[in-house]
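Visitor: Supplied in structure tokens, the structure appears directly below.
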Amino acid sequence: MNLDSTIEILSLIQERKLQKLPERLRPFFEGIEFKNRAVLVFGPRGVGKTTFMLSRIKNKKIFYLSADNPLVSAVSLWDLGNAIFMRGYEGIAIDEVHYAKDWSVHLKALYDAFPDKIIWASDSSSLILRHGIADLSRRFSRIEIPLMSFREYLALKEGIILPAINPLSPDRDLVKKAMDSTNILYAFQNFMEEGFRPVFLEWDYREQIMNIIEKILHGDIPFFVPQITDIHFRLMNAIIGYLAMSKIPTINVEGMCKEWGIGKVKLYQLLHVMEATGLIRIIYRENDTKTFSKGAKIFLADPSFYSVLGGNIGTRREAFVVAAFSNAGKKVFACKNEEAGDFLVDGVVIEVGGKNKAKKRADYVIRDNIDLPHGNVIPLWLLGFMY
């Protein structure tokens, strides 16, 4: 198939996607600014990167394509981009860019050869930044799209638009406004079950999450792990299952290596890639600079993974706290002294638990199943209003 035919088919695909754009978009998108003509958009699968890019190219002459389309894999990004620009397009938006061979080299070439053109690319893994950094670091700015917040879930699910709230110093009027808008605890429980990715608007959330996990394991990770085998895939599945069920969010490295017959270096490599592709989140103690480390705690990156997999609710609470603060741009560490609290967030000690959880020596205690903040006690749902 020649380039003209390929571009015509891809153009039709773009038009179909534009016609299917949802009426409600994530509020997070509103605050995103393109400060450069060349941008790399990344974030977990299913958080709306494609929708975001399509929403920004609507009514503009920017050509959209996905690099995992077989038509795209049959040609080089340079040839395709060059032909698109020669047709008069103002720019090009490339989804799933890591599927294209030598993608960073070709993006650099297009950037340099067409100094007045817009070039956007997206992917689901932060690892692509490291793979392409030598070629793109001085040219492409970066935009990260995190998992959805509870505030965004209410906006998409019920059309309720509410302002952000700082949970550690909450404005009483804003808290009241949020509580008056809906049955907040009921809505929050629904959010924890289905609300971290806007795919809940499409069809069965559980099935989609299982598909996402499968896609990451078998579609994304092989790009970044050399000599990956069936044993490695089964081990990563086992890690996900173990972390979902365990009350203690960590793994026994020596035990797993012995049971699965792999070396420690390989296991640490798999953990690193699982984190970079959005499957797990490793929480370190402050000043942990070891080359190989499993951290102090390991959580599933998406708290709804626990619900989908029938996992431990207590661990899910901690996973949500970590995800909420991390996605809001906060540094989260595990406390060195567990008698003081669970986490250290920007120097503040946090303890997490159910509605009767004791404060210990923490600065704040975050409790599930309570509605109002009082003193240094913060309801878990309020963390969902940081962005």
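The values are calculated or read from the model by the stated rules, or taken from the named source; none is laboratory data. Given the structure is predicted, the values throughout are model-derived calculations rather than measurements. All Cβ positions, glycine included, derive from the backbone under ideal geometry; neighbour counts span all protein chains shown. We work out accessible area using only protein heavy atoms, side chains counted, and drop any ligands, DNA or RNA first. Shrake-Rupley method; radii C 1.70, N 1.55, O 1.52, S 1.80 Å.
Visitor: Conditions first: (1) among the small types (G, A, S); (2) under 23 Å from P44 (Cα atoms); (3) not in a loop (DSSP other than H, G, I, E, B). G255 passes all but one, so which condition is the exception?
Guide: Of everything listed in (1) among the small types (G, A, S); (2) under 23 Å from P44 (Cα atoms); (3) not in a loop (DSSP other than H, G, I, E, B), G255 misses just condition (2).
Visitor: Tell me, yes or no, whether the range 358-369 has at least one residue that is in a loop (DSSP other than H, G, I, E, B), open to solvent by 10 Å² or more (accessible area, probe 1.4 Å), over 23 Å from L154 (Cα atoms) and among the hydroxyl-bearing types (S, T, Y).
Guide: No.
Visitor: Could you count how many residues in the range 97-125 are within 25 Å of the chain's Cα centre (by Cα) and open to solvent by 30 Å² or more (accessible area, probe 1.4 Å)?
Guide: Qualifying residue count for the region: 4.
Visitor: Follow-up question, since we're still on this one. Check whether at least one residue in the range 297-304 is at pLDDT 95 or above, in a helix (DSSP H, G or I) and buried (at least 22 other Cβ atoms within 10 Å of the Cβ), and report yes or no. Spell out the reasoning first.
Guide: From the range 297-304, those at pLDDT 95 or above are 297-304; that's our starting set.
Subset that is in a helix (DSSP H, G or I): 304.
Next cut, buried (at least 22 other Cβ atoms within 10 Å of the Cβ) only: 304.
Scanning the range 297-304 turns up at least one residue that is at pLDDT 95 or above, in a helix (DSSP H, G or I) and buried (at least 22 other Cβ atoms within 10 Å of the Cβ).
Visitor: Let me ask something else. Please enumerate the residues belonging to the range 283-296 that are open to solvent by 10 Å² or more (accessible area, probe 1.4 Å), closer than 20 Å to V345 by Cβ and not polar (S, T, N, Q).
Guide: Answer for the range 283-296, where residues must be open to solvent by 10 Å² or more (accessible area, probe 1.4 Å), closer than 20 Å to V345 by Cβ and not polar (S, T, N, Q): Y284, R285, E286, D288, G295, A296.
Visitor: Of K101, K108, which residue is touching a residue at least 12 places away in the same chain (Cβ under 8 Å), farther than 30 Å from P27 by Cα and in a loop (DSSP other than H, G, I, E, B)? Break it down into steps so the answer makes sense when it comes.
Guide: Numbers: K108 fails: in a loop (DSSP other than H, G, I, E, B).
The conditions single out K101.
Visitor: Give G278, G314, G241 a once-over and let me know the one that is of a type outside the set (D, E, K, R), open to solvent by 10 Å² or more (accessible area, probe 1.4 Å), in contact (Cβ under 8 Å) with a residue 24 or more places away in the chain and assigned to a loop (DSSP other than H, G, I, E, B).
Guide: Working: G314 fails: assigned to a loop (DSSP other than H, G, I, E, B); G241 fails: assigned to a loop (DSSP other than H, G, I, E, B).
Exactly one residue qualifies, and that residue is G278.
Visitor: Working only within the range 257-275, note down all residues that are open to solvent by 50 Å² or more (accessible area, probe 1.4 Å) and touching a residue at least 24 places away in the same chain (Cβ under 8 Å). Lay out the reasoning, then the answer.
Guide: Our first condition is that a residue be open to solvent by 50 Å² or more (accessible area, probe 1.4 Å); within the range 257-275, this holds for 258-261, 264-265, 269, 272, 275.
Passing the criteria: W260, G261, K264, V265, Q269, E275.
Visitor: Same structure, new question: Which of the residues belonging to the range 146-167 are of a type outside the set (G, A, S) and open to solvent by 40 Å² or more (accessible area, probe 1.4 Å)? Steps first, answer last, please.
Guide: Applying the first criterion (of a type outside the set (G, A, S)) to the range 146-167 yields 146-148, 150-154, 156-158, 160-163, 165-167.
Answer for the range 146-167, where residues must be of a type outside the set (G, A, S) and open to solvent by 40 Å² or more (accessible area, probe 1.4 Å): R151, K157, E158, I161, P163, N166.
Visitor: Quick check on the range 28-46: of everything there that is at pLDDT below 95 and more than 20 Å from G91 (Cα to Cα), which residue is least open to solvent (accessible area, probe 1.4 Å)?
Guide: G43
Visitor: Can you find even one residue in the range 93-104 that is of a type outside the set (D, E, K, R), under 25 Å from T277 (Cβ atoms) and modelled with pLDDT of 95 or more? Outline the logic, then answer.
Guide: Let us first name the residues in the range 93-104 that are of a type outside the set (D, E, K, R), namely 93-94, 97-100, 103-104.
Imposing the further condition that a residue be under 25 Å from T277 (Cβ atoms) reduces the set to 93-94, 97-100, 103-104.
Imposing the further condition that a residue be modelled with pLDDT of 95 or more reduces the set to 93-94.
Looking through the range 93-104, at least one residue is of a type outside the set (D, E, K, R), under 25 Å from T277 (Cβ atoms) and modelled with pLDDT of 95 or more.
Visitor: In addition: Kindly provide the set of residues from the range 52-90 that are closer than 21 Å to K117 by Cα, under 25 Å from the mean Cα position of the chain (by Cα) and open to solvent by 20 Å² or more (accessible area, probe 1.4 Å), ordered by number.
Guide: Listed by number, the residues that qualify are S55, R56, K58, S66.
Visitor: Which residues, taken from the range 180-208, are at pLDDT below 95 and aliphatic (A, V, I, L, M)?
Guide: The answer is V199, L201.
Visitor: Looking at the range 186-222, which of its residues are among the small types (G, A, S) and either in a helix (DSSP H, G or I) or open to solvent by 20 Å² or more (accessible area, probe 1.4 Å) (or both)?
Guide: Result: A187, G219.
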